[in-house]
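Note sheet for the following structure.
The values are calculated or read from the model by the stated rules, or taken from the named source; none is laboratory data. None of the values given here were measured: they were computed from a predicted structure. Virtual Cβ from ideal backbone geometry, glycine too; neighbours counted across all protein chains shown. All accessible areas refer to the heavy atoms of the entire protein, side chains included, with ligands and DNA or RNA removed. Shrake-Rupley method; radii C 1.70, N 1.55, O 1.52, S 1.80 Å.
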Amino acid sequence: MSSILLIIIAVTAIISFIAFNNQQLFEKYKFNVGAILQKKEYIRLLSAGFLHADLMHLLFNMMTLYFFGPIVVEAFGEIGFLMVYFGSILLGNIFSLYLYKNQPWYSAIGASGGVSGILFASIAMIPDLGIMFFFIPIPIPGYIFGFLYFAYSVYMMLNPNQHDNIGHAAHLGGAFFGLVYAIALQPERAIQNALFLGIMALPLIYMGFQVFVKKRIG
């Protein structure tokens, strides 16, 4: 197990636990469109990745990172892992900022953008990777999970709820970064897995049409 991976998990858990009992800290560093655009608090683009809504939110993200992180470390090294993780957090939040720039109330927290990037970089490398859920007795192929994940995130991103702190757009931006990073660095494997990656990317094509052609933002 990579020491860098364990350090990221430990630091995220410690900061999240501190913020659970410190509302001032939580409010100061969460992703918030108004604070970033009006007050220029750009640190929130990264700091939000170290905050979580509750223990279950934290555990789900860190468990996913723990199980899929080693695949990315093995494929791209520890530096590559860090680039995917933090690049996905940043791109996810920048995409959220663009998407909801006219909704200053929009807030979100969580490492989900980074975790999504790691998950999808793993799926790009092993598209038929079996992903298990507690309530489903058989593993779901990674590319099917990816398709469903993108589809759900696109729907929720286009229909935001003011009281929903889950960063669906950040999930999507992070997953996209991880996918593109893996394809760029391992093009031969991407060509081999082109059909699987194409199926997984269908909701992204729909999102692009809705956001950039029909200008349906938020």
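Could you look at the chain and say what percent of its accessible area is carbon and sulfur, using a 1.4 Å probe and all protein chains?
70 percent
Which residue, Phe95, Gly69, Val213, has the largest displacement toward the positive end of the dipole of the chain when charges sit on each Cβ (Lys, Arg +1; Asp, Glu -1)?
Comparing the listed Cα positions along the dipole, Val213 ranks first.
Starting at the first residue of segment 102-108, write each ³J(HN,Hα) from the Karplus equation 6.51 cos²θ - 1.76 cosθ + 1.60 with θ = phi - 60°, in whole Hz, x for Gly and Pro.
Karplus-based 3J(HN,Hα) across segment 102-108 equals 9, 10, x, 6, 5, 10, 7 Hz.
Just report the Cα centroid separation between segment 1-51 and segment 83-143, whole Å.
Cα centroid to Cα centroid, the span is 17 Å.
I'd like the Karplus ³J(HN,Hα) series for segment 117-123: coefficients 6.51, -1.76, 1.60, θ = phi - 60°, whole numbers in Hz, and an x wherever there's a Gly or Pro.
x, 5, 4, 7, 5, 5, 5
I'd like the Karplus ³J(HN,Hα) series for segment 202-215: coefficients 6.51, -1.76, 1.60, θ = phi - 60°, whole numbers in Hz, and an x wherever there's a Gly or Pro.
Along segment 202-215, the couplings run 3, x, 5, 5, 4, 4, x, 5, 5, 7, 9, 9, 7, 6 Hz.
How many nm is it between the label spots at Ile144 and Glu27, if each spot is 7 Å from the Cα in line with the beta carbon?
4.6 nm
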